[in-house]
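Quick one: this structure, given as structure tokens, is what I'll be asking you about.
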Amino acid sequence: MSEFNLLDPFQTLQIPLGDWVEASLTYFVQHFRDVFRAVRWPIDQVLNGIESLLLSVPPTIGIILGSLLGWQVAGRRMGMLCAVTLFFLGLIGVWAESMTTLALVLTSVFFCGLFGVPLGILCARYDRLEKFIRPVLDAMQTLPAFVYLVPVVMLFGIGNVPGVLVTIVFALPPLVRLTNLGIRQVPADKIEAARAFGATPWQMLTRVQLPLATQTMMAGLNQTLMLSLSMVVIASMISVGGLGQMVLRGIGRLDMGLATVGGVGLVLLAIFLDRLTQAMGERSASTDMTRRWYQRGPIGLGLRLLHLNHTKPGPVRHAL
Amino acid sequence: MNRDDDILVVKNIFKVFGDRPQEALKMLEKGADKDEIFKKTGQVIGVFDANFTVKRGEIFVIMGLSGSGKSTMVRLFNRLIEPTSGSIYLNGKEITGLNDKQLLDVRRKEMSMVFQSFALMPHMTVLENAAFGLEISGVAEKERNRRAREALAQVGLAAHEYSYPHQLSGGMQQRVGLARALANDPSILLMDEAFSALDPLIRTEMQDELIRLQAEHKRTIIFISHDLDEAIRIGHRIAIMEGGRVVQVGTPQEILNNPADAYVETFFKNVDSSKVLRAGDVAKFESEIVVRQTNGATPEAPAIPYAFIVDNDGRFLGVLDNCTGRADGARKLAPKDLSVVPFDTPLHDVLGLAAAVPYPLPVVTRDGALHGTISRESLLKSLSRH
Ligand SMILES: Nc1ncnc2c1ncn2[C@@H]1O[C@H](COP(=O)(O)OP(=O)(O)OP(=O)(O)O)[C@@H](O)[C@H]1O
Ligand SMILES: [Mg+2]
């Protein structure tokens, strides 16, 4: 053993961080395995529900529904874009894999929303919580996924559920951050006005803060979605199916064709989801709409047609 | 203690911004001033020992330069800012002692606020904005829309209910802000520099509108302004603030005639006194030129060129013009044909009239009684005095 050296004290001065982590992990695995297994249940339910729903829809119907959604949210051009991206997903032969991946992504976004939005709201209200949460979020975003991949597998086993968990860890931070930011950015005079008219904290949140923060929060949701998608390949390392697995298998076998098809599938899915959520964010910001959401798009059209059938035909007032 | 016509009573109100208000209060007791306290303790004195009352149905203007504590003062009334010490009574009920729930009730029913920055909700239509206060109070949608429409009609915005705030001009936006406050039908309207962000023409228009609305509904309005002309134009009474202190409270005329200190005097120096003083302030009652007409009989004309005829109750009937030598001509000169000056006409508007008629102008009160007369000489004298 070398003696204590002032210029390089770390030859003798060390803490065994790695050993500690390993020891505590072993402890957790031995004593709390059931607890962690119990966490699987809700995730499993949501994931399986979404996946079987998506897979049960035939591609043609899926494409039509997807484009109608795009049309409703952001007009006809968006609808066209959705149709084209979804159609190509089918053309390159990855429809089923895309739906599996989409289910994974939607599940993790669902849980991110479930925890991220309330957490962001609390952070906006309590400065101390924000100070505490911020480094945690930094860690979640910067820690390489491989570091927590192993403990997650030790605690939860392999499969889709731990895949969703890993994805949540990585994708949650932007939603929390931007919810917090959005609420903090609500102009002080609007808050004061609501207070002056006797708003309770809950009314303040639901009638003023959240509506005015929606655009920022949608940007957070968009980020969360994109980060979820980018985790798909890593998550497939713990045997998560879908497009990520295609890419991983392609790389493993040096099968560039397979890897590229999977990659292109991911990109198409990303374009579809990104544009859709971005449009949702923009729509929440634009206030100069003369018609409510149900008066526009395919729903508006449907309602008007229904209306025309029921009453005597009159002029259709609004063009689409 | 509280007279019936006092709607708001402010007693020994202090507001110190900072984390050690007690320290600042102690220094204040010892006579330290605002700057000294800030330098030594970092505490900012917002309002310093305010004492005044606001009467029911008046427009009470709080005015002072920037940073004098006006905004702090109104926010103490609905406790958007908590006072450090002192008490405020609304209709005899102590606002400063209310719990959270009662306070919400006061904000929902008793006081509404209009903001300099309008503070409309950008995601709501004009109608939804106007109904905002009612929605917060839990009024059902149909009822609140009806009342919001009524309020919008009052401010002349009935046609715009489905527009969004950003589609309206500043003046229109502030009308929405006003409608939002009126829809709640509050006992007191608090207006913090409500018209300061508007251009001069629109501002005058809004001031007239406010004066009209106030006259129609006898609403109590507390209006904050840093513009003395505005304060004089719309205020029945004015409180002047300086450095957190209320220096003087009174009608514009009272303050002009008896400024409390040098500060107020310099403040009022550049004011056009012909706009502040009213006919009633300078009119003199000279009994020798007033003739009482009893039982409809034509009165004896006194041996002076002009005389004013009143009935038994002191109501003004007409002018007796001795130059024409006909006493009964007096009754033909009905008050309408004459230049009769209502009691509260600004002197500014009297000037032209005084030049046009040969005899002193009769000034009458609201119920038609002869208050006094203004001769050209007395008019010039009273204007030159200020
Ligand atoms: N939240 C606060 N914290 C600390 N000091 C404050 C706070 N609010 C106001 N002040 C101080 O209190 C004093 C009075 O401010 P206030 O806003 O009431 O002035 P004002 O008369 O409304 O001015 P203006 O005409 O510019 O609106 C100022 O010195 C200001 O710096
Ligand atoms: Mg102010």
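FYI, it's all coordinate maths here, none of it is from the lab. Source: prediction; values computed, not measured. With ideal geometry, Cβ positions are generated from the backbone for all residues, glycine too; neighbour counts draw on all protein chains shown.
Kindly evaluate B:Gln174 against the criterion of being under 12 Å from B:Val114 (Cα atoms) and either in contact with a Leu (Cβ under 9 Å, 6 or more places away or on another chain) or within 13 Å of chain A (Cβ to nearest Cβ) (or both).
Numbers: under 12 Å from B:Val114 (Cα atoms): yes; either in contact with a Leu (Cβ under 9 Å, 6 or more places away or on another chain) or within 13 Å of chain A (Cβ to nearest Cβ) (or both): yes.
Spelling it out, B:Gln174 is indeed under 12 Å from B:Val114 (Cα atoms) and either in contact with a Leu (Cβ under 9 Å, 6 or more places away or on another chain) or within 13 Å of chain A (Cβ to nearest Cβ) (or both).
I'd like to verify a number: residues in the stretch A:29-44 that are surrounded by 12 or more Cβ atoms within 10 Å (Cβ to Cβ) and under 22 Å from the mean Cα position of the chain (by Cα), how many?
5
Those residues that are away from ligand 2 (no atom under 16 Å from the Cβ), among the small types (Gly, Ala, Ser) and within 19 Å of B:Ile136 (Cβ to Cβ), I need them from the stretch B:168-218; list them, please. Break it down stepwise before answering.
Just the residues of the stretch B:168-218 that are away from ligand 2 (no atom under 16 Å from the Cβ), to begin with: B:168-173, B:175-176, B:178-189, B:199-218.
Still in the running and among the small types (Gly, Ala, Ser): B:169-171, B:179, B:181, B:183, B:187, B:215.
Correct list: B:Ala179, B:Ala181, B:Ala183, B:Ser187.
Condition (residue is under 30 Å from B:Ile95 (Cα atoms), of a type outside the set (Phe, Trp, Tyr) and part of a helix (DSSP H, G or I)) applied to the stretch B:156-167: is it met by at least one residue?
From the stretch B:156-167, those under 30 Å from B:Ile95 (Cα atoms) are none; that's our starting set.
There is no residue in the stretch B:156-167 that is under 30 Å from B:Ile95 (Cα atoms), of a type outside the set (Phe, Trp, Tyr) and part of a helix (DSSP H, G or I).
I've got another one for you. Spot the failing condition for A:Ser67; the list is (1) in contact with a Cys (Cβ under 7 Å, 6 or more places away or on another chain); (2) in contact (Cβ under 8 Å) with a residue 60 or more places away in the chain; (3) farther than 23 Å from A:Gly113 by Cα, and only one is missed.
(2)
Among A:Gln203, A:Gln215, A:Gln185, which is the only one that is facing another protein chain (nearest Cβ under 9 Å) and among the polar types (S, T, N, Q)? If you could, list the steps in order and put the result at the bottom.
On the way: A:Gln215 fails: facing another protein chain (nearest Cβ under 9 Å); A:Gln185 fails: facing another protein chain (nearest Cβ under 9 Å).
On inspection, the qualifying residue turns out to be A:Gln203.
Filter the stretch B:7-23 down to residues that are buried (at least 16 other Cβ atoms within 10 Å of the Cβ) and either under 22 Å from B:Gly235 (Cα atoms) or basic (Lys, Arg) (or both) and give me whichever is nearest to ligand 1 (Cβ to nearest atom).
Out of the qualifying residues, it is B:Lys15.
Here's a follow-up. Run down A:Leu81, A:Leu86, A:Leu47, A:Leu122 and say which single residue is closer than 30 Å to A:Met154 by Cα and not polar (S, T, N, Q).
Numbers: A:Leu81 fails: closer than 30 Å to A:Met154 by Cα; A:Leu86 fails: closer than 30 Å to A:Met154 by Cα; A:Leu122 fails: closer than 30 Å to A:Met154 by Cα.
Going through A:Leu81, A:Leu86, A:Leu47, A:Leu122 in turn, just one is closer than 30 Å to A:Met154 by Cα and not polar (S, T, N, Q): A:Leu47.
Just the residues that are assigned to a helix (DSSP H, G or I), within 16 Å of ligand 1 (Cβ to nearest atom) and within 14 Å of another protein chain (Cβ to nearest Cβ), please, taken from the stretch B:61-97. If you could, list the steps in order and put the result at the bottom.
The first filter runs over the stretch B:61-97 and keeps only residues assigned to a helix (DSSP H, G or I), leaving B:70-77, B:95-97.
Still in the running and within 16 Å of ligand 1 (Cβ to nearest atom): B:70-77.
Of everything in the stretch B:61-97, those that are assigned to a helix (DSSP H, G or I), within 16 Å of ligand 1 (Cβ to nearest atom) and within 14 Å of another protein chain (Cβ to nearest Cβ) turn out to be B:Ser71, B:Thr72, B:Val74, B:Arg75, B:Leu76, B:Phe77.
Which one is surrounded by the most Cβ atoms within 10 Å (Cβ to Cβ) among residues in the stretch B:24-60 that are outside any loop (DSSP other than H, G, I, E, B) and of a type in the set (Lys, Arg)? Let's see the steps before the verdict.
Kept after step one, since they are outside any loop (DSSP other than H, G, I, E, B), are these residues of the stretch B:24-60: B:24-29, B:34-41, B:44-55, B:59-60.
Next, only the ones that are of a type in the set (Lys, Arg) stay: B:26, B:34, B:39-40, B:55.
Numbers: B:Lys26: 13, B:Lys34: 20, B:Lys39: 9, B:Lys40: 12, B:Lys55: 15.
Only one residue tops the list, namely B:Lys34.
Sort out which residues of the stretch A:154-182 are buried (at least 23 other Cβ atoms within 10 Å of the Cβ) and either within 14 Å of chain B (Cβ to nearest Cβ) or not in a helix (DSSP H, G or I) (or both), and write them in order of number.
Within the stretch A:154-182, A:Gly182 is the sole residue that qualifies.
Does A:Gly220 fit the bill of being in contact (Cβ under 8 Å) with a residue 60 or more places away in the chain, in a helix (DSSP H, G or I) and away from chain B (no Cβ under 14 Å)? Show your work before the answer.
Numbers: in contact (Cβ under 8 Å) with a residue 60 or more places away in the chain: yes; in a helix (DSSP H, G or I): yes; away from chain B (no Cβ under 14 Å): yes.
Yes: the conditions hold for A:Gly220.
Next up: When you go through A:Arg283, A:Arg253, A:Arg296 one by one, which is the residue that is out of contact with any helix residue (DSSP H, G or I) (no Cβ under 6 Å at 6 or more places or on another chain), under 28 Å from A:Leu89 (Cβ atoms) and within 13 Å of another protein chain (Cβ to nearest Cβ)? It would help to see each step written out before you state the result.
Numbers: A:Arg253 fails: within 13 Å of another protein chain (Cβ to nearest Cβ); A:Arg296 fails: within 13 Å of another protein chain (Cβ to nearest Cβ).
It is A:Arg283.
Kindly establish whether B:Met121 is within 16 Å of B:Gln173 (Cβ to Cβ), touching a helix residue (DSSP H, G or I) at 6+ places or on another chain (Cβ under 9 Å), in a strand (DSSP E or B) and at the interface with chain A (Cβ under 10 Å from one of its Cβ atoms).
On the way: within 16 Å of B:Gln173 (Cβ to Cβ): yes; touching a helix residue (DSSP H, G or I) at 6+ places or on another chain (Cβ under 9 Å): yes; in a strand (DSSP E or B): no; at the interface with chain A (Cβ under 10 Å from one of its Cβ atoms): yes.
No; evaluated as a whole, the condition is false for this residue.
Only one of these conditions is not met by B:Phe132: (1) more than 10 Å from chain A (Cβ to nearest Cβ); (2) surrounded by 24 or more Cβ atoms within 10 Å (Cβ to Cβ). Which number is it?
Single failed check for B:Phe132: (1).
Let me spell it out: the conditions are (1) within 14 Å of chain B (Cβ to nearest Cβ); (2) surrounded by 16 or more Cβ atoms within 10 Å (Cβ to Cβ), and A:Leu119 meets all of them except one. Which number is the exception?
All conditions are met except number (1).
Taking the residues in the stretch B:61-87 that are away from ligand 2 (no atom under 12 Å from the Cβ) and buried (at least 21 other Cβ atoms within 10 Å of the Cβ) as candidates, determine which candidate is farthest from B:Arg107 (Cα to Cα).
Result: B:Val61.
A further question on this structure: Would you mention how many residues in the stretch B:109-118 are outside any loop (DSSP other than H, G, I, E, B), within 15 Å of ligand 1 (Cβ to nearest atom) and surrounded by fewer than 20 Cβ atoms within 10 Å (Cβ to Cβ)? Give the steps one after another, and end with the answer.
First, the residues of the stretch B:109-118 that are outside any loop (DSSP other than H, G, I, E, B): B:109, B:111-114.
Checking which are within 15 Å of ligand 1 (Cβ to nearest atom) leaves us with B:113-114.
So of that shortlist, the ones also surrounded by fewer than 20 Cβ atoms within 10 Å (Cβ to Cβ) come out as none.
Total satisfying the criteria: 0.
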